[in-house]
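Enquirer: Following this message is one structure expressed as structure tokens.
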Amino acid sequence: MSLMVGVVLLSLLAFVGKRFLTQRNSAPDMIVNIIIVVFGLGAITLRRTRFSRMRLQDIGALQGPTGLLITLERTTLLVALIGAVIALVGFVATLANGSPFYTYQAGVVALAVLVYGYPIRTAWQQAVRRYAPENGPE
């Protein structure tokens, strides 16, 4: 949740600082867009791969509920950090070019990644019940 607030604050900072920025043509538009799209799709792919059914079953069988929760937590944090990096890339492009559009665009993608990767307690509880045996190793 705090990363979502941070993304919104970066966008507000770009909006407020718009008059202090000078328009430059330093970084090509396509490169920034490609970086944002690759990071966004990469975060979604990472989450889907790490939360695949077979992988969670193996982790639950080998490490038990604790290992499964650690995996869920680390993956969620990694996806959130990728979302934060997307927002920072947009903000840096805004500082380099002087156009706040980069921050707005990256902010929308970062918020989408953060919302997609946001942990839901009931989903995690269901995953632990489904994939981790009650009396398994811990």
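Throughout, read-outs are computed from the coordinates displayed, never taken from laboratory work. What you are looking at is a predicted structure, and each value in this text was computed from that prediction instead of being measured. So basically every Cβ, Gly included, is an ideal-geometry build from the backbone, and we count neighbours across all protein chains shown.
Enquirer: Return a whole-number percent for the relative contact order of region 42-133, with Cα pairs under 8 Å and 6 or more residues apart as the contact set.
Expert: On the way: 86 pairs, mean separation 36.0, N = 92.
Over region 42-133, the number comes to 39 percent.
Enquirer: Sticking with this structure for a sec: Calculate for the chain the 222 nm mean residue ellipticity that helices alone would give, adding -39,500 (n - 2.57) per DSSP H run of length 4 or more and normalising by residue count, nearest 500 deg cm²/dmol. Walk me through the numbers on the way to the answer.
Expert: Details: 5 runs with 109 residues, N = 138.
Estimated from H runs of four or more residues: -27500 deg cm²/dmol.
Enquirer: If you take the beta carbon distance between Val5 and Gln57 as r and set R0 to 35 Å, what does 1/(1 + (r/R0)^6) give as a FRET efficiency, to the nearest 0.05? Show your work: numbers first, answer last.
Expert: Details: r = 36 Å, r/R0 = 1.01.
Once the sixth-power term is evaluated, E becomes 0.50.
Enquirer: Starting from the 7 Å offset along Cα-to-Cβ, what nm value, one decimal, do you get for the label separation of Tyr116 and Arg129?
Expert: In this crude spin-label approximation the distance works out to 2.8 nm.
Enquirer: Can I ask one more? Using a Debye calculation, one point per C-alpha and no hydration shell, please list log10 I(q)/I(0) for the chain at q = 0.12, 0.16 Å⁻¹ in order.
Expert: -0.55, -0.78
Enquirer: Follow-up question, since we're still on this one. For the residue pair Val38 and Tyr104, what label-to-label distance in nm results when each label sits 7 Å from Cα along the Cα-to-beta-carbon direction?
Expert: 2.6
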